[in-house]
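The values are calculated or read from the model by the stated rules, or taken from the named source; none is laboratory data. Remember, it's a predicted structure, so these values are computed and weren't measured experimentally. As a convention, Cβ positions derive from the backbone with ideal geometry for all residues, glycine included, and neighbour counts pool all protein chains shown. Just so you know, the surface numbers come from the protein's heavy atoms only, side chains and all, with ligands and any DNA or RNA stripped out. Shrake-Rupley method; radii C 1.70, N 1.55, O 1.52, S 1.80 Å.
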There are 2 protein chains.
Amino acid sequence: MSSSSSSSSSFSIGAVVASAVAGASLGALASTYLRPAKTVRKDLIPFLSSQGKAVVTSKANASDHDHAHVDYHFERISHEDARERSKAFAEFLTMRRSLRFYSNEDVPLDIIENCIEAAGTAPSGAHTQPWYFCVVKTAALKEQIRQAVEIEEEVNYQRRMNKVWVGECNILVSALPDAYIKPYLTEAPYIIVVMKRSHDIEPDGTRKEVYYPEQSCGIASGLLITALHNANLATLTSTPMGAESKIRTILGRPANEKVYLLMPVGYPAADGTVPYRTDAELRKPMKDIYQLY
Amino acid sequence: MSSSSSSSSSFSIGAVVASAVAGASLGALASTYLRPAKTVRKDLIPFLSSQGKAVVTSKANASDHDHAHVDYHFERISHEDARERSKAFAEFLTMRRSLRFYSNEDVPLDIIENCIEAAGTAPSGAHTQPWYFCVVKTAALKEQIRQAVEIEEEVNYQRRMNKVWVGECNILVSALPDAYIKPYLTEAPYIIVVMKRSHDIEPDGTRKEVYYPEQSCGIASGLLITALHNANLATLTSTPMGAESKIRTILGRPANEKVYLLMPVGYPAADGTVPYRTDAELRKPMKDIYQLY
């Protein structure tokens, strides 16, 4: 399957654009956003890297078809287009902020589900996909989670965390009078709880290893954050230290899973704020995070 | 600052589209891809969530301006637009595959740098940003890294990894005759080594804590993978078990950093292949990774 700009269009401007610009793929991408269609078709995706058909190539020497390699179809765009896309993407992500103040306005569930689907495309150690996304919408469950988090967070601030950490966190949350109070966990229409599997359990009860679950779930969470931002939603990656097993129990998840991240998701409150940062504080400059060798 | 479709355009079709579609933001996004401009302007970004000016709000009670909260400017798009964008993004990420076969064709460095910049926008524990991206282009260094990885990988396969794991990995790499040989580490024009800081060291030598570096680096790596895919580049998230400290030494990185991921980056080899997977094997279906509560 390959991207095409010759697909029929019910929206004339999109069609004009698609045929006018150089590069069918980019025209097709533009059409995605211009077109009022209800469903997104695969031929509207900017470029493809599908696995193609099951054509066993010379690099495959497995006797079992299921373990064979197949041709990798990869559609190239120009360096100039890649440059512009990459710059736009970086600028786009720069606009994201972690948010602690949410409106209780609802968000259609299917938008959340699309973001979960995007997160589920992450690579993982030995393709074990050791993640599970609990999307919590029920008010009573959000309240239970919030209570579990707040009880443990008070302990964290008073005993578990060292004084330096408490000081730093207070700065980050702008010296809120009670930093362990987490209204966002009930105000936001959703909490997404990212669960990490430490190992798998086969249907017959035997234990099966999972490789690099920490990295794998981190990457999937990165995809999720990007997908939510792309869907015009705000979130916060929080870590409910001490409350992990309580939350797992509230959600009825099995013992081989552990809470990895707790993410309120929704729209910002009308009076929502974010910590003020100078340009230097907002994010480290490239010279502090990157070197060419 | 807000997005605008009234910005001057030297490209008439883009301007027509921007004024014709409902929603300036989406029109502006389309223009990003249609417009042949050399630089991406902020008014071409689909929507903004900038921190605004340093207006201290009622939620801020810090006496120090630098720790105050400021209004959060968030530009809303319609649910319908968010739905279409979220679906397109999921479809787009579905096209990504981890790749082991690279062309040695060069990639302009600034495209790689844009992707690193995108990765650096990740959230992190207490905003400590505990990541560092080593972009390795020098052939001799790539060769040294490859040697370090291959020596240790042979040990991994023979001693460190259990037999089950070796079997599973062999399936994944399609029973390559010598799974510990990693040609992609020298064939690809770049290796990006993601370093994770376990703690910081202040200019005066004192140790400073870093919080949740594992999750933070995972999320940043997720952003990086997405950015590379968006820039039409292939990669592979590999973990050089046993070779971490050698690689750190090769790159001259400090002892408080550890290799988190090793990512070859480039274009697929002309005869590049990926493991064949049925639809069910390619990625877990939503029912296996998600539940609504």
* Could you please let me know if A:K163 is more than 30 Å from B:N114 (Cα to Cα), charged (D, E, K, R) and either touching a Ser or Thr at 6+ places or on another chain (Cβ under 6 Å) or modelled with pLDDT under 95 (or both)? => yes
* Structure fact -> Exception for A:I145 within (1) open to solvent by less than 10 Å² (accessible area, probe 1.4 Å); (2) closer than 27 Å to B:M263 by Cα; (3) outside any loop (DSSP other than H, G, I, E, B) falls at (2)
* Within region B:260-280, can one find any residue that is at the interface with chain A (Cβ under 8 Å from one of its Cβ atoms) and of a type in the set (A, V, I, L, M, F, W, C)? -> yes
* To do: Give the number of residues within region B:234-253 that are in contact (Cβ under 8 Å) with a residue 40 or more places away in the chain, within 12 Å of chain A (Cβ to nearest Cβ) and not basic (K, R).
  => 10
* Among residues of region B:210-247, those that are more than 22 Å from B:E91 (Cα to Cα) and in contact with a strand residue (DSSP E or B) (Cβ under 6 Å, 6 or more places away or on another chain), counted -> 10
* So B:A270, is it farther than 19 Å from B:V136 by Cβ and without any contact (Cβ under 8 Å) to a residue 24 or more places away in the chain -> no
